[in-house]
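A short write-up of the structure that comes next.
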Amino acid sequence: MSITVGLAIAVIVFLILNWFLRTEIGLSLRATGDNEQMVRSLGVDTDKNIMLGCAISNGLCGLAGAVVAQGQGFADVGMGIGMIVMGLASVIIGEALFRPRGVARLLLAAIGGAFCYRLFITIALRLGMAPGDLKLITAVLVVIALAVPFIRKKLRHEWIPPAVRW
């Protein structure tokens, strides 16, 4: 039952974010994240955009914490330790594996990256690795995810060394 509730909440959040990031405010928010100076030169208040982005992310973190606490039946101070690493690793893995183009695909890549991240952690635990070694597994996963685009370019012979670029 809790998997279906979590999946339903993820779908609802996905649909709301997909709609919001296509609005004028959402486009301004995305542009601020890409190039703050350019957006500021167009007369947009980037400080408000940054505050809005922080408010949305904190709201989503609060929602996630509430869903986890509801599913487990309790809340603990240490439950959120490592969530920033997991979030960053999920985004990096999702972008490396799925190469998203567009808002919906970016959101799906983040969800897919989170799924892959948790899958690798589960496999590592099932293979008998100590829970303390999970930090090593996480670091290796992130390094591999960061190397995937380079490896793809290298295999297609598209990579140019930085000193040769003009």
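Nothing in this text is a laboratory measurement; each read-out follows from the coordinates by a stated rule. Given the structure is predicted, the values throughout are model-derived calculations rather than measurements. Quick reminder, even Gly has a Cβ in these numbers, built from the backbone with ideal geometry, and neighbours come from all protein chains shown.
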> Which entry in [x] 124; [y] 227; [z] 169 matches volume of the Cα convex hull per residue in Å³ derived from the coordinates of this structure?
Replying inline: [z]
> Which value in nm describes the separation of the simple spin-label points at ALA75 and LEU15, placed 7 Å from the Cα toward the beta carbon?
Replying inline: 2.7
> Taking only DSSP H segments of four or more residues, each worth -39500 (n - 2.57), what value at 222 nm results for the chain once the sum is divided by all its residues, to the nearest 500 deg cm²/dmol?
Replying inline: -25500 deg cm²/dmol
> Length gain on complete extension for the stretch VAL148 to LEU88, per 0.36 nm per residue less the alpha carbon to alpha carbon distance?
Replying inline: 20.0 nm
> If the label point is 7 Å along Cα→Cβ of ILE25, which residues in the stretch 49-90 have backbone nitrogen under 16 Å from it?
Replying inline: 49-60
>> Using alpha carbons only, how many angstrom separate the centre of the stretch 1-70 from the centre of the stretch 85-152?
In response: 21
>> Can you compute the FRET efficiency between ASN58 and HIS157 using 1/(1 + (r/R0)^6), with r the Cβ-Cβ distance and R0 = 41 Å? Round to the nearest 0.05.
In response: 0.40
> Among ASN58, ASN18, ASN35, whose mean-square fluctuation peaks in a Gaussian network model of the chain (Cα, cutoff 10 Å)?
Replying inline: ASN35
>> Please list 3J(HN,Hα) in residue order for the stretch 70-76, calculated via the Karplus relation 6.51 cos²θ - 1.76 cosθ + 1.60 where θ = phi - 60°; whole Hz, with x for glycine and proline.
In response: 5, x, 7, x, 7, 10, 9
> Short version: ³J(HN,Hα) in whole Hz for each residue of the stretch 21-29, in order, from phi by Karplus 6.51 cos²θ - 1.76 cosθ + 1.60 (θ = phi - 60°), x for Gly and Pro, what are they?
Replying inline: 6, 9, 7, 5, 5, x, 5, 5, 5
